[in-house]
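Reviewing the structure listed below.
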Amino acid sequence: MNVRGGYALITIVRIGLLAVGGLTLPLALGFLLFPARAAARLGLEALGPLGLSTLRGDFLGIFAILGGTAIYAAIRNRSDVLIVPIIMLTVIIAGRLVSAVLDGSGTAALPLIAVEILMLAVVLLGYRTLPSAQALKASPAIVRNTAP
């Protein structure tokens, strides 16, 4: 059996994915329950009920999907679902870089970009090291991390 990275690395990656979820799911909950306060931490402000609705819906969706897929991948030991947060984080980082050039947000956005790049690195590592759905079907022992 060929498990990419070995079981120690897989365990470390799964812990990293749980950390990504542990970072983003509370943000999702914050945008759901306290959208104005959560938005203010990111330099945003809602302009009325439509703005609050947008903050709740859009940011809840972004952070819940990022965190939920990372945690799901870690718990289920599956790499295939990580394509979603890979795409999302890549687009988010690209948007921030464009904003740095066009709006001059460069130094203010650096801490956020650094966190997002770190999360992307963890998710990419998970995608490369966790077993795929096909590997899990071929050898259910991988799910339990008991294969030789």
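Looking only at region 62-78, how many residues end up being touching a helix residue (DSSP H, G or I) at 6+ places or on another chain (Cβ under 7 Å) and modelled with pLDDT under 95?
Number satisfying all stated conditions: 2.
Among what's in region 85-111 and is open to solvent by 60 Å² or more (accessible area, probe 1.4 Å) and under 13 Å from the mean Cα position of the chain (by Cα), pick the residue that is nearest to Ala39 (Cα to Cα).
Val91
From the set of residues in region 65-84 that are open to solvent by less than 30 Å² (accessible area, probe 1.4 Å) and over 20 Å from Ala28 (Cβ atoms), which is farthest from the chain's Cα centre (by Cα)?
Checked region 65-84; the qualifying residue farthest from the chain's Cα centre (by Cα) is Asn77.
Restricting to region 7-26, count the residues that are at pLDDT below 95 and either over 19 Å from Leu82 (Cα atoms) or outside any helix (DSSP H, G or I) (or both).
So the answer is 1.
So which of Arg56, Arg37 is over 22 Å from Pro111 (Cβ atoms), among the charged types (D, E, K, R) and open to solvent by 70 Å² or more (accessible area, probe 1.4 Å)?
Of Arg56, Arg37, the one residue that is over 22 Å from Pro111 (Cβ atoms), among the charged types (D, E, K, R) and open to solvent by 70 Å² or more (accessible area, probe 1.4 Å) is Arg56.
Residue pairs, Cβ under 8 Å, 6 or more apart or interchain, first in region 85-96 and at pLDDT below 95, second among the acidic types (Asp, Glu) and part of a helix (DSSP H, G or I). List them.
Arg96/Glu116
For region 110-124, indicate whether the set of residues that are charged (D, E, K, R) and at pLDDT below 95 is non-empty.
no
Could we say that Gly16 is in contact with a Ser or Thr (Cβ under 9 Å, 6 or more places away or on another chain), closer than 18 Å to Ala121 by Cβ and crowded, with 16+ Cβ neighbours inside 10 Å here?
No, not satisfied.
The values are calculated or read from the model by the stated rules, or taken from the named source; none is laboratory data. If you're wondering where the values come from, they're calculated on a predicted model, not measured in any experiment. Don't worry about glycine lacking a Cβ; one is built from the backbone with ideal geometry, like all the others, and counts go over all protein chains shown. Protein only, heavy atoms only, side chains kept; ligands, DNA and RNA dropped before computing areas. Shrake-Rupley method; radii C 1.70, N 1.55, O 1.52, S 1.80 Å.
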